[in-house]
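No value in this document is a laboratory result; all are computed from the given coordinates. Source: prediction; values computed, not measured. Virtual Cβ from ideal backbone geometry, glycine too; neighbours counted across all protein chains shown.
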Amino acid sequence: MQAPVPFDLDLTVRSHGWYDLAPWRYDPGRRVLGRPLLLGPGRAVYAEVVEGGAPGGLVVRLSAEGRLSAAEARAARAQLAACLGLEEDLAPFYRRIDELGRSGGNDLPRLGWAGRRGAGRLLRSPTVFEDAVKTLCTTNCTWSLTRAIVANLTERLGEPAPQGTRAFPTPEAMARRPERFYREAIRAGYRAPFLRSLARGAASGRLDLEAWRGSTLPTAELGERIRALQGFGPYATEHLLRLLGRHEHLALDSWNRKKLAALRGMRRPPSDRTLRRWYAPYGEWAGLAMWLEATADWHGDRSTWP
């Protein structure tokens, strides 16, 4: 499997916290990313990807029960490519970074490193449904609670997969459970009815979430469709847009407001209006520029990886 050049697997994996949520597994020492993938009802593989070979080369290892067909192997590789955002063209973003770097400006972040190292791809799930569920699980809670909710969902509802793992649950598996199950067994709290509603909509076909990846809808219209989902406020909407490759919005929350204030030596978080002004020169890439400034120290010589 070939990635764009430059490409850094670790940068993409640790672009945000998804790698830390089930059913992902990441070994940072060996730089091996793995997870089970569903290829169809009752059919799963365990997939691992590592860097290797020529620049941008990625080696994929697949484990399955029984013989794996060529078509199944292609489908698994396609899912991994989507997870790593290999189809995204970030060249216009890197050009904008260079243009703004030449023009200067006190409020502009120093993002030249992103183009040199190939930063900007965000780890995604194989399906938009999984990304939407996990986005709901990040709202108004600690990261430890997010991890627990997602682990509970995977363990209780995910299909068995090779190497003793379980895949992320399908919409159909989640739709069959009552709201009480999400409150009591999954410990999802107030998110319980939102998770059930999302699953039922996707399972019935009323919500074609997968069509949103690669959609030609204007970002504003796509954002309206996401915002119509139960439980999706401004942050959750803009976060899911980010995972769909739409970076016009900043997806602001308490963490990035506080982090940006600290990075810029401010005693208190700036207003949202100020933040939007800072990143407006990046146009459709504003949110990605903000995110890379906020997380640049995760990827330096002395990593502050949380």
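For this structure, a couple of remarks:
- Debye, to nearest 20: dipole size of the chain, +1 on Lys, Arg Cβ, -1 on Asp, Glu Cβ: 740 debye
- Rounded tilt (10° steps) of 91-103 against the dominant C-alpha axis of the chain: 20 degrees
- At an R0 of 25 angstrom, the distance between the Cβ atoms of residue 276 and residue 224 translates into a FRET efficiency of 0.85.
- Anisotropy class of region 145-249 from Cα gyration tensor, a/c 1.5 cut: prolate
- Tilt relative to the chain, helix 192-204 - C-alpha long axis, 0 to 90 degrees, to 10: 70 degrees
- Extreme residue, positive dipole direction of the chain, given options 58, 218, 142 (C-beta unit charges): 142
- Computed [θ] at 222 nm, deg cm²/dmol, the chain (DSSP H ≥ 4; -39,500 (n - 2.57); rounded to nearest 500): -12500 deg cm²/dmol
- Helix 254-263 and the long axis of the chain differ in direction by around 30°, with both axes built from C-alpha atoms.
- For residue 35, neighbours were defined as the other residues whose beta-carbon sits under 11 Å from its Cβ, and their charges (Lys and Arg +1, Asp and Glu -1) total 0.
- Vicinal HN-Hα couplings computed from phi for region 145-156 (Karplus, 6.51 cos²θ - 1.76 cosθ + 1.60; Hz; Gly/Pro x): 5, 4, 4, 5, 4, 5, 5, 4, 4, 5, 5, 7
- Most mobile listed residue (283, 115, 29) in the chain, GNM with C-alpha springs under 10 Å: 29
- Annotation for region 90-136: trypsin sites (Lys or Arg not before Pro) lying in DSSP loop with at most 14 further Cβ atoms inside 10 Å of their Cβ are 110.
- Listed values for region 118-124 are Karplus-derived 3J(HN,Hα) couplings in whole Hz (6.51 cos²θ - 1.76 cosθ + 1.60, θ = phi - 60°), namely x, 7, x, 7, 10, 4, 10, and x replaces Gly and Pro.
- Between the residues 83, 9, 42, the greatest Cα displacement towards the positive end of the dipole of region 9-83, with unit charges on the Cβ of Lys, Arg, Asp and Glu, is found for 42.
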